[in-house]
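The values are calculated or read from the model by the stated rules, or taken from the named source; none is laboratory data. Being a predicted model, the structure only gives us computed values, none of them experimental. As a convention, Cβ positions derive from the backbone with ideal geometry for all residues, glycine included, and neighbour counts pool all protein chains shown. Protein only, heavy atoms only, side chains kept; ligands, DNA and RNA dropped before computing areas. Shrake-Rupley method; radii C 1.70, N 1.55, O 1.52, S 1.80 Å.
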Amino acid sequence: MRKVLAALLASAMVFSLAACGGGDKKETEAATEAPATEAPATEAATEAAGDTEAATEAATEAAGDTQAAPAANGEGLKIGVCIYKFDDNFMTLYRQELQKYLEETYGAEVTIVDGKGDQAEQTNQIDNFISQGVDVLILNLVQASATETVAKTCADAGIPAVFINREPDAAELERWESEGVAATYVGADARQSGTFQGEIILDTANKGDINGDGKVSYIMLIGDPENVDAQYRTEFSVKALTDAGVEVEELFAQRGDWDQAKGQELTANALAQFGDQVEVVFANNDAMALGAIEAIEAEQRKMNEDIYLVGVDALDEATAAIKEGRMTGTVLNDHIGQSHTAADVAIKMANGEKVDTKYTVDYVKVTE
Ligand code: GAL
C-alpha cells in the first residue's frame, strides 16, 4: 500500500512541479484545474488518514522521487534561514525537515533564526546573515508585503533568496522574471487548499446543511488577514460551496493568528452567540481547528452529526482526531515536499544556476 500511495503522491507532485515552470498564468490554470484532477489524491488521502506514518513516509518518498539527484554539492555552503516565528506548529515541522535535509543530503552549514513575529527584528537578522556572507538565504517573512524591499537588499548584496510559505505579490514575481533577479518563491497554492476544504463539506451526507434550512451556516477562523494563505482559504472554501449551487450564510469570521488557543476562544465565542445555528467550522489551519474541537466538545456538540469541522495542514493531532471522529477533515500541507524543493532550489542558486521564479507543491485532501 505504501508503494501505491507513494506513486500516487509522486504523480500529484510531478503534476504540480511541471505546472509551475511557466510563471503565473500556468499557475492559475493549474489551480483551477487541480480540483478536477483530485481523484488519485483523494484516494491516497483516504488511505493516508488511516496511516499517518505511512502518509509521511510516502510524502518523503514522493518528494524524493521528484527531485533529481542533488544538483551540486552543498559541502561548505553557508545557508541562512529566517522563520517568521518558531512558535507555529506547521512551520516547526517545516524548519526541522529543512535543516535535516540540507545537512544530510547536501552537507550544508545551516543557521535558522526566529523572527518572533516581528518584521523589524527579522530585517536585522537578514542584515546579519548578509554581513556574515552567507551563500543563500531561505526566507519565511513575517510580512509578505516586505518581500520587495528584502529582495532588493539581497540582490544588492549579491545573495540569492528563496522565499517560502508566504506568497509574494504576482507583480513582484514578474519583476524577478523581467529583471533576472536571483529570487524565487517555493510554496503551495492556497486556493487549492480552500477548494478542498469546501469539497470535503460537499462530500458530507447533507452537503453541510445539517438542519435542512436550505443554506450552510458557517463560522470562519482566519489565520491572519494579511497572509495570502488565509485570504485564499477563506475565499475558496466558501466558493467551492457556492460554485456547487449551495447557499451559504457567514455567521462569524475572526482572526485567530494560526493559533490553537485563539481557535478555541473564537469557536467558544461563536458557539455561545449562535449555538445550534453553526453547522460548519472552517479553520484556516489545523492548530486553530484543534482549538475548535475543545470548544465544540465543551458544548457537547456531536462531530459529523450536528456540526462539521475542517482544517488545513494534516498535523498528526488532526489526522488522529479525524480517525476518532472528532474532526471532519483536513488538507495535507506537504511540508516535506515544500522544504525539500526549497532546499534543492537554494543549493542550485548558491551554485549560480538559474531557477524558475515559482515552485508549488500540491495539497492533498484528508478525510476519514
Ligand atoms: C500556512 C499553514 C499555517 C501556518 C502558516 C504560517 O501555510 O497552513 O498553519 O503555518 O502557513 O504562514
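Values as computed for the structure displayed
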quantity	calculated
Cα gyration tensor of the stretch 102-254 - equivalent ellipsoid semi-axes, whole Å, descending	40, 15, 15
Residue-count net charge about residue 124 - beta-carbon cut-off 13 Å; Lys, Arg +1, Asp, Glu -1	-3
Ordering of 194-203, 322-331 by burial proxy (mean other Cβ atoms within 10 Å per residue, highest first)	194-203, 322-331
Dipole moment magnitude, nearest 20 debye, the stretch 223-368 about Cα centre, only Lys, Arg, Asp, Glu C-beta charged	380 debye
Total charge dipole magnitude, the stretch 158-221, about the Cα centre, Cβ charges on Lys, Arg, Asp, Glu only, Debye to nearest 20	200 debye
Solvent-accessible area of residue 340 with every protein chain in place, 1.4 Å probe, in Å² to the nearest 10	10 Å²
Residue pairs, from the table 100/262; 116/348; 78/348, whose Cα atoms sit over 22 Å apart	100/262; 116/348
Peptides ranked, highest mean first, by Cβ atoms within 10 Å: ranges 86-97, 356-367	356-367, 86-97
Antiparallel bridges, percent of DSSP beta bridges restricted to the stretch 242-368 (to nearest 5)	40 percent
Centroid-to-centroid separation of the stretch 166-203 and the stretch 301-368 [C-alpha atoms, Å]	14 Å
Summed side-chain charge close to residue 85 - residues other than residue 85 whose Cβ falls under 9 Å, Lys, Arg +1, Asp, Glu -1	-3
Rounded to 5, percent antiparallel among DSSP beta bridges of the stretch 80-225	0 percent
q = 0.10, 0.15, 0.23 Å⁻¹, the stretch 247-368: log10 I(q)/I(0) [Debye, one scatterer per Cα]	-0.39, -0.69, -1.26
Residue 252 long-range amide H proximity, modeled H, under 5 Å	220
Paramagnetic reach from residue 298 in the stretch 244-262 [backbone N under 15 Å; point 7 Å along Cα→Cβ]	260-262
